[in-house]
Structure formats: C-alpha cells, structure tokens
1. Counting other Cβ atoms within 10 Å of each Cβ, which GluC sites (Glu not before Pro) in the range 15-69 have at most 13 and sit in a DSSP loop?
2. For the chain, with the dipole built from +1 on Lys and Arg beta-carbon atoms and -1 on Asp and Glu ones, taken about the Cα centre, which of 53, 94, 133 lies farthest toward the positive end?
3. The range 122-136 to the range 73-106: how many Å between their Cα centroids?
4. Have a look at 44, 21, 124 and report the one farthest towards the positive end of the charge dipole of the chain, computed about the Cα centre with Cβ charges (Lys/Arg +1, Asp/Glu -1).
5. To the nearest 20 debye, what is the magnitude of the charge dipole of the range 3-173 about its Cα centre, counting +1 on the Cβ of each Lys and Arg and -1 on the Cβ of each Asp and Glu?
6. ³J(HN,Hα) across the range 115-132 via Karplus (A = 6.51, B = -1.76, C = 1.60, θ = phi - 60°), whole Hz, x for Gly/Pro?
7. Short version: ³J(HN,Hα) in whole Hz for each residue of the range 11-26, in order, from phi by Karplus 6.51 cos²θ - 1.76 cosθ + 1.60 (θ = phi - 60°), x for Gly and Pro, what are they?
8. Amide H of residue 174: which non-local residues (sequence gap of 5 or more, or other chain) have their own amide H closer than 5 Å, using H built in the peptide plane?
Amino acid sequence: MEVNDVLKEWEETEQKILKHLGPPDSVHLSELTQRSGLEVFEAIFSGELPSPPIGETLDYIPVHMEYGIAVFQGRPQRKHYNPLGTVHGGWFCTLLDSAVACAIHTTLPAGKAYTTLELKVNMVRALTDATPLVRAEGKIVHVGRQTATAEGRIIGPDGKLYAHATTTCLIFDAPKKTS
C-alpha cells in the first residue's frame, strides 16, 4: 500500500474514533476493574467511559484493541520537541507505554489491575512533525498470574520503524472502592 493511502486510512480511522470517544477524564480504579480489560476499552471507544487525559495532552488516541493487542495513533508536533528540534524521547516512551501496557490490560478479567514495573525503549530514528501520524502497536508476549510482558513498535505510514519497546507489568487484585 502506498504511503499516502496508508496515511489517508489512518486519518479516516482517527476521525471515526474521535466521533465516539468521550471527553478526557479519569475514572476510579474500582469502577474500571468491575469490567474485563476488553470491556473497558469497548466502553472507552463507545464514549460510555471517558478517554484517558494523557492522550489529549500528548496528541494520541487508541485506535484498536483486541485480546493481547493494543494500537495507538499519535501526531508528533513541535510542542513535543526537545531542544535539538526532534520529538522528545518521553513522547516515544509514553506512546509505547500505553500500547504495551494496554495490550496486557486487554487480557485481564474483571477485578484485576496492573502497573508497569519496567519499560525499555529503543529509539532508532528521529521523529519530527514532518511525519504527520505514527502508530504504536503493542502485543503481549506472556501473561501469568502475577506478571505479564509485552513488546511494541512505533511505525510511520511508510512502514519505517521509529522505536521499539518491551515491558513487564505487575498484575494484582484491584483495590475495593472505599467511601
């Protein structure tokens, strides 16, 4: 597929998703963990649950979730630049952390939560606003009772790799809501 065709498809996907995403806000963990991970994402995509505020802050959205896979799409912009005139490494890390951690989240049953224990990111190519959209794709490697691992990549519409990552997450029983 040609770069312009991929970019057009990604932009159309973004517009469809933005029509249904709720406004950014947070929800108490005890409310989220009454649903399975996939049910949480279905509720976010339908607008029943708010979208996470970090996406608004750093200009990225979730675009696809299925068991063991999470895809986010981001717009690198000048406001994300470091002093050297390229996108700051923290932007790469946050986008990849969302993709790999949410890939794990999709596998969790109701009543379970997770947190990132470790994130390893390799940035292999500079990113600027000349690349209008990128995708971070996370996939699980292993999910156990207490830990899970996943890997991810940031790619451009031309198929170029910008960064790759691995994560280890701790899985635990969700805390009960207290009054």
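1. Within the range 15-69, the qualifying GluC sites (Glu not before Pro) (loop, at most 13 other Cβ atoms within 10 Å) are 48.
2. Working it through, the farthest residue towards the positive pole turns out to be 94.
3. About 9 Å separates the Cα centre of the range 122-136 from the one of the range 73-106.
4. Of the candidates, 124 comes out farthest on the positive side.
5. Using Cβ point charges on Lys, Arg, Asp and Glu, the range 3-173 gives about 440 debye.
6. Those phi angles translate into 8, 6, 8, 8, 9, 10, 10, 10, 8, 10, 8, 5, 10, 10, 6, 5, 9, x Hz.
7. 5, 5, 4, 4, 5, 4, 5, 4, 5, 10, 4, x, x, x, 5, 10
8. Excluding prolines and chain starts, which carry no amide H, the hits are 112, 113.
Bear in mind these aren't lab numbers, they're just calculated from the coordinates by the rules spelled out. The model shown is predicted, which means the values in this text are computed figures rather than measured ones. Reconstructed Cβ throughout: ideal geometry from the backbone, glycine too, with neighbour counts over all protein chains shown.
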